[in-house]
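Take a look at the structure below.
The values are calculated or read from the model by the stated rules, or taken from the named source; none is laboratory data. None of the values given here were measured: they were computed from a predicted structure. With ideal geometry, Cβ positions are generated from the backbone for all residues, glycine too; neighbour counts draw on all protein chains shown.
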Amino acid sequence: MAENWVEVCAANEIEQEDVIRFDHADRTFAVYRSEDDRYFATDGYCTHERFHLADGFVMGSTIECPKHNGRFDYTTGKAKKAPVCVDLKTYPVKVENGKVYLRAEA
């Protein structure tokens, strides 16, 4: 399968320790920038009640869902705090020439 890298945004469009919503090909992602300038991506919706994570709160490597305060480690997708118990899917991210790219699987 060929790699499908999609441009998300300019790297400086995501603040440190923050998250943005990215919609592509009928799918929604959450793209994160850590406090040490690394970038990550997960599915965009909480696995508990499909509320969008980009509206949540980033603390270190954790995203807190704004609906019921469930938490995930966005670097691994691991569910960390109830009510979430299903992990998030994660996606490769790279930064080239000041742009953030996400490898979206077909």
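Structure values in brief
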quantity	calculated
Single match in 39, 74 (criterion: touching a residue at least 40 places away in the same chain (Cβ under 8 Å), touching a Lys or Arg at 6+ places or on another chain (Cβ under 6 Å) and of a type outside the set (D, E, K, R))	39
Criterion (in contact with a helix residue (DSSP H, G or I) (Cβ under 9 Å, 6 or more places away or on another chain), of a type in the set (A, V, I, L, M) and at negative phi) met by exactly one of 31, 6, 93, 58	31
Residues being surrounded by 19 or more Cβ atoms within 10 Å (Cβ to Cβ) and either over 16 Å from the mean Cα position of the chain (by Cα) or more than 21 Å from residue 36 (Cα to Cα) (or both) - total across region 80-106	2
Criterion violated by residue 33 - all others in (1) within 17 Å of residue 84 (Cβ to Cβ); (2) surrounded by 13 or more Cβ atoms within 10 Å (Cβ to Cβ) satisfied	(1)
Filter result for residue 56 (among the small types (Gly, Ala, Ser) and buried (at least 17 other Cβ atoms within 10 Å of the Cβ))	yes
Residue satisfying all of: in region 1-53; under 14 Å from residue 93 (Cα atoms), in contact with a Pro (Cβ under 9 Å, 6 or more places away or on another chain) and not aromatic (Phe, Trp, Tyr); modelled with the lowest pLDDT among these	3
Within region 1-24, tally of residues that are in contact (Cβ under 8 Å) with a residue 24 or more places away in the chain, part of a strand (DSSP E or B) and not β-branched (Val, Ile, Thr)	8
Residue selected from region 35-59 under the condition within 17 Å of residue 10 (Cβ to Cβ) and in a loop (DSSP other than H, G, I, E, B), by the criterion farthest from the chain's Cα centre (by Cα)	37
Residue count for region 69-96, restricted to those that are in a loop (DSSP other than H, G, I, E, B), among the β-branched types (Val, Ile, Thr) and modelled with pLDDT of 95 or more	2
